[in-house]
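Inspection log for the structure reproduced underneath, given as structure tokens.
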Amino acid sequence: MSIGRFSKNNTTDCAEDERKGKQAGMPFDKNRAISRFGSTIDAMAIRPIIRMGHPTLRRPARPLGLEEIGNDATQQLLTDMRDTLRDAGGIGLAAPQIDAAVRLAIIEIPGGSSRYGNLERMPFTVFINPDIQVLNPARAGFWEGCLSVPGLRGFVERPQHVKVAFTNRCGKAEELELSGFQATVVQHELDHLDGKLFIDRLADSARLAFEDEYQRYLEQPSP
Ligand SMILES: [Zn+2]
């Protein structure tokens, strides 16, 4: 998911993340992690983000097996997704958006003021094989954007209190209760795993706009 105004320069906690990951038993090879994040060589792996019209965005993705989560290919995919998300200045990315049809999504929301008001920070979080439960069906709407639907914004109403059960990047089962904007973001990302885009969720097709027109005619000042 994209919201258009966050800075792209938020890579300083990479090494710290890796250290935390190792302490938590993340199946990461030490030398590889150091060469990836600790050297002066630019080892960023930014993958192309596919756009609406690409068939992978419309296919349900397959679950990842537990052994698969710890293997090199999946850990590399996760690293590439994080690099790609940060490079694009987005706040969420699902694996199908880089043409990897597996049930894996990441979210990272910098805290602070934005067009959505004052956002609560959400640290880099990996959702593998997620399962979502709506805790309260009351909906609220946001003008959503998507890195796979560049240049467009659409008003989508979604439940604002959900619980997500998922496997984390260390292969452990986790649960997270999310509300407000974070609930919207996780639903947007998990939709990608089922081949859905935010444009499928518009209650009113008149509330789909190009970015420039959105900013000129539709944007409400943040509270
Ligand atoms: Zn999206």
statement: Across (1) crowded, with 21+ Cβ neighbours inside 10 Å; (2) part of a strand (DSSP E or B); (3) out of contact with any Pro (no Cβ under 6 Å at 6 or more places or on another chain), residue 166 clears everything bar (3)
- request: From the list 87, 80, pick out the single residue that is within 20 Å of residue 2 (Cβ to Cβ), of a type in the set (D, E, K, R) and within 16 Å of the ligand (Cβ to nearest atom).
  value: 87
query: Quick check: anything in the range 132-142 more than 14 Å from the chain's Cα centre (by Cα), within 16 Å of the ligand (Cβ to nearest atom), under 20 Å from residue 52 (Cβ atoms) and in a strand (DSSP E or B)?
result: yes
field: Positions within the range 154-182 being of a type in the set (A, V, I, L, M, F, W, C) and touching a strand residue (DSSP E or B) at 6+ places or on another chain (Cβ under 8 Å), in sequence order
entry: 155, 156, 162, 164, 165, 166, 173, 176, 178, 181
- prompt: Does residue 213 satisfy the condition of being assigned to a helix (DSSP H, G or I), more than 16 Å from the ligand (Cβ to nearest atom), under 26 Å from residue 118 (Cα atoms) and out of contact with any Leu (no Cβ under 9 Å at 6 or more places or on another chain)?
  reply: yes
task: Check whether at least one residue in the range 83-101 is farther than 24 Å from residue 200 by Cα, surrounded by fewer than 17 Cβ atoms within 10 Å (Cβ to Cβ) and not aromatic (Phe, Trp, Tyr), and report yes or no.
output: yes
- request: Would you mind stating whether residue 209 is farther than 21 Å from residue 102 by Cα and over 15 Å from the mean Cα position of the chain (by Cα)?
  value: yes
- prompt: If you take the residues of the range 102-120 that are modelled with pLDDT of 90 or more and within 17 Å of residue 2 (Cβ to Cβ), which of them is surrounded by the fewest Cβ atoms within 10 Å (Cβ to Cβ)?
  reply: 110
task: Within the range 181-200, count every residue that is more than 10 Å from the ligand (Cβ to nearest atom), without any contact (Cβ under 8 Å) to a residue 40 or more places away in the chain and either among the acidic types (Asp, Glu) or not in a helix (DSSP H, G or I) (or both).
output: 1
- prompt: Does the range 35-70 hold any residues that are at pLDDT below 95 and surrounded by 13 or more Cβ atoms within 10 Å (Cβ to Cβ), and which are they?
  reply: 36, 37, 38, 43, 44, 45, 70
message: Just to verify a result, which residue in the range 148-180, among those that are under 18 Å from residue 102 (Cα atoms) and within 17 Å of the chain's Cα centre (by Cα), is nearest to the ligand (Cβ to nearest atom)?
response: 148
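The values are calculated or read from the model by the stated rules, or taken from the named source; none is laboratory data. Please read these numbers as outputs of a predicted model, since none were measured by experiment. Methodologically, a virtual Cβ is constructed for each residue, glycine included, from the backbone with ideal geometry; neighbour enumeration extends over all protein chains shown.
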